[in-house]
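A.B. asks: I'd like to ask you about the structure that follows.
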Amino acid sequence: MNVAYVRVSTVEQNEQRQIEALKNFKINKWFIDKCSGKDTNR
């Protein structure tokens, strides 16, 4: 099982470039996080 974690720092940023780069790996489960790294309450 392949799992991917995609993160951008703000909701205004687009995660699509990271998703496109990972599509070649046949990902079964995706986690997409749109939150700043400075925030610990997720």
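No lab work stands behind these numbers, since they all come straight from the coordinates. Just so it is clear, the structure is predicted and the values come from calculations on it, not from any experiment. Note: ideal-geometry Cβ built from the backbone for every residue, glycine included; neighbour counts use all protein chains shown.
A.B. asks: Are any residues in segment 12-22 under 12 Å from the mean Cα position of the chain (by Cα) and loosely packed, with under 13 Cβ neighbours inside 10 Å, and if so, which ones?
C.D. replies: If the condition is that a residue be under 12 Å from the mean Cα position of the chain (by Cα) and loosely packed, with under 13 Cβ neighbours inside 10 Å, then Q13, N14, Q16, R17, E20, A21 are the ones that fit.
A.B. asks: K38 passes all but one of (1) part of a helix (DSSP H, G or I); (2) loosely packed, with under 10 Cβ neighbours inside 10 Å; (3) not acidic (D, E); which number fails?
C.D. replies: (1)
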